[in-house]
Amino acid sequence: MLELITRGASRKGETTRKLPPEPGASSSDEPRVAEAMTRLYPIVPGHISMSAARKIAELRSSDTVIVEDKGSLIGILDRETLLTASDGRRVADCLKSIRICLTPTTTLTRARVLMIEHGVASFPVAAGPFLVGSISRSDVERSLASKNTRAVSARVAA
């Protein structure tokens, strides 16, 4: 099941809301996020400067940085923010809230739909309170295309 994290929901005393199961979720052969997720984005504390966050992103060859405060995820710095925010600003003042965090068992089809609906290029992936990775739209599309290619090859071989 997905967790919808509303603005500020990662702060103490606030809760997350579980989304209903995705339509058609009973198909066990549907590829899942766990099969396609890639490396974990760098995680930085909210009190550092944007210039420091940019340097960390550059060193890790990442265009996205996840922001934490006292062990809780509080937001994300996407490519646009990393490019445009002034050097002296604190990361916590520039972040975008994490509205949705996928689980490893979310289907790739559902991940694609959520990315389109919310206009984002990637989502963090969490198992309970633990951040286990991230998945980008290109990861989803590549995995779904690979699955479709295998399905067509299997039909042709039969």
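Values as computed for the structure displayed
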{"quantity": "Ile98 vs. criteria assigned to a helix (DSSP H, G or I) and closer than 21 Å to Thr81 by Cα", "calculated": "no"}
{"quantity": "Flag for Leu114 being closer than 18 Å to Thr38 by Cβ and not in a strand (DSSP E or B)", "calculated": "yes"}
{"quantity": "Checking Arg54 against (1) farther than 23 Å from Ser138 by Cβ; (2) modelled with pLDDT of 95 or more, the condition it does not meet", "calculated": "(1)"}
{"quantity": "Residue identified as under 21 Å from Arg137 (Cα atoms), polar (S, T, N, Q) and out of contact with any strand residue (DSSP E or B) (no Cβ under 9 Å at 6 or more places or on another chain) among Thr103, Thr109, Thr84, Thr64", "calculated": "Thr109"}
{"quantity": "Among the residues listed as Ser86, Ser61, the single one being in a loop (DSSP other than H, G, I, E, B) and within 15 Å of Ser122 (Cβ to Cβ)", "calculated": "Ser61"}
{"quantity": "Matching residues, the range 74-123, being within 12 Å of the chain's Cα centre (by Cα) and aliphatic (A, V, I, L, M)", "calculated": "Ile76, Leu77, Ile98, Ile100, Leu102, Ala111, Leu114, Met115, Val120, Ala121"}
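Yes/no matrix, rows are residues, columns are (1) within 18 Å of Ser62 (Cβ to Cβ); (2) free of Cβ contacts under 8 Å to residues at least 12 places away in the same chain:
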residue	(1), (2)
Ala92	no, no
Lys96	yes, no
Thr106	no, no
Glu117	no, yes
Ser122	yes, no
Phe130	no, yes
Gly133	yes, no
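The values are calculated or read from the model by the stated rules, or taken from the named source; none is laboratory data. Please read these numbers as outputs of a predicted model, since none were measured by experiment. Heads up, the Cβs are rebuilt from the backbone with ideal geometry, glycines too, and the neighbour counts pull from every protein chain shown.
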